[in-house]
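Below is one structure, written out as structure tokens, with a few remarks after it.
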Amino acid sequence: MKIYTRGGDKGITSLLGGTRVPKDDHRIEAYGTLDELISWIGLLRDNEINTPTSDILLQIQDKLMRLASAISDEKDQLNTLKEITEEDVLILENEIGLMEKELPRLDSFILPGGNTLASYCHISRCVCRRAERRIIPLLKDADDLDIGLKYLNRLSDFLFVLCRKIASDFDVKEIFWKPE
């Protein structure tokens, strides 16, 4: 299979199912942002991170690939693909709870920085929030994406707490934002 088709040279691409759409179509924007998030999470996994965290990040990448595939699948050709479920959301909530038990209470915004890995995690969180925003326009035509949106919302919370956990693990002092 050739990697290039030349079909997108004029700013048009295909959804899974064959419909040709502009590359700035809402679906393309949504699954393109998910693709970016999957890559950032891969970068997190490539760094000094403990095995259980690396394993959950790999699971997250799988869930995001499923969501991206569902968004690109206009004719439900992937109907056998296991979708994101409430249980997946609960797994993230449980992971958040476990990490929060080890962290001091937070009463302020945190300025990203202090450690490269924590900074990558903050960038992942920001891309996750953008992915949420990109999926919202799709909800009016595909209410089955509601659980995907919920998953992304919880994932951004997970990534924020993971930023804090990484800072703690590497003994990085969090910088609290104090407006002047």
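The values are calculated or read from the model by the stated rules, or taken from the named source; none is laboratory data. Just so it is clear, the model here is predicted, and its values are computed rather than measured. Note that we place each Cβ from the backbone using ideal geometry, even for glycine, and neighbour counts take in every protein chain shown.
Structure data summary
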item	result
Answer from ASP157, ASP171 - the residue that is touching a residue at least 60 places away in the same chain (Cβ under 8 Å) and either touching a Phe, Trp or Tyr at 6+ places or on another chain (Cβ under 9 Å) or over 25 Å from ASP73 (Cα atoms) (or both)	ASP157
Residues satisfying the stated conditions in region 23-68, i.e. over 18 Å from PHE158 (Cα atoms), of a type in the set (Gly, Ala, Ser) and surrounded by fewer than 21 Cβ atoms within 10 Å (Cβ to Cβ)	GLY32
Which numbered condition GLY113 fails, given (1) under 15 Å from TRP40 (Cα atoms); (2) touching a helix residue (DSSP H, G or I) at 6+ places or on another chain (Cβ under 9 Å)	(1)
Test: residue in region 117-127 that is over 28 Å from THR85 (Cβ atoms) and either outside any helix (DSSP H, G or I) or of a type in the set (A, V, I, L, M) (or both)	yes
Residue match in region 45-62 (condition: in a helix (DSSP H, G or I), touching a residue at least 60 places away in the same chain (Cβ under 8 Å) and hydroxyl-bearing (Ser, Thr, Tyr))	yes
Among residues of region 3-22, those that are assigned to a strand (DSSP E or B), at pLDDT 70 or above and closer than 13 Å to GLU74 by Cα, counted	3
Residue list for region 95-114, filter: loosely packed, with under 11 Cβ neighbours inside 10 Å and under 20 Å from the mean Cα position of the chain (by Cα)	GLY97
Counted residues, region 134-180 - those being surrounded by fewer than 14 Cβ atoms within 10 Å (Cβ to Cβ) and assigned to a helix (DSSP H, G or I)	5
Boolean, ARG130 is in a helix (DSSP H, G or I), under 29 Å from THR19 (Cβ atoms) and at pLDDT 95 or above	yes
Flag if LYS150 is of a type outside the set (Phe, Trp, Tyr) and under 20 Å from the mean Cα position of the chain (by Cα)	yes
